[in-house]
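Worksheet: the structure to be examined is printed underneath.
The values are calculated or read from the model by the stated rules, or taken from the named source; none is laboratory data. Remember, it's a predicted structure, so these values are computed and weren't measured experimentally. Every residue, glycine among them, receives a Cβ derived from its backbone with ideal geometry; neighbour counts consider all protein chains shown.
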Amino acid sequence: MSFLMRVVVNAVAIAAAAWLLAGIRLTDAGRGDQLLTLLVVGVLFGVVNAVVRPVVKFFSFPFILLTLGLLIFVINALMLMLTGWLSEQLGLGFSVDGFWTAIVGALIISVVSWCLELVLPGDR
């Protein structure tokens, strides 16, 4: 159940970022298609964050310390850009245009995810 909740939280956070930013797009036409795309992208984003992000954080740890943690924002943006690239390669209707859009999108996704995790019941 925790996995499903995480996927839904990711999907809602990505939907919020796509709604707020013109550079993050869902290109599927119908509402049902967009919902399915959001859920699949939510799974993909979760996998990228679970597999790739820890490796990147491990190897960039000295730079994270040097920048007092600000590099984390860049890493989050790169994970969002990687998710957008993988989505395009898999034929999903999700894309992220550019680094600065990814920075703002990652901030939106982080804030929305944090707010949803505060509201939703779960194991903490």
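How many residues are within 11 Å of the chain's Cα centre (by Cα) and among the polar types (S, T, N, Q) when one looks only at the stretch 92-114?
2
Taking Ala102, is it modelled with pLDDT of 95 or more and at negative phi? Show your work before the answer.
Numbers: modelled with pLDDT of 95 or more: yes; at negative phi: yes.
In short, yes.
Can you name the residue in the stretch 20-70 that is basic (Lys, Arg) and over 19 Å from Gly98 (Cβ atoms) and is also farthest from the chain's Cα centre (by Cα) among such residues?
In this case the residue turns out to be Arg31.
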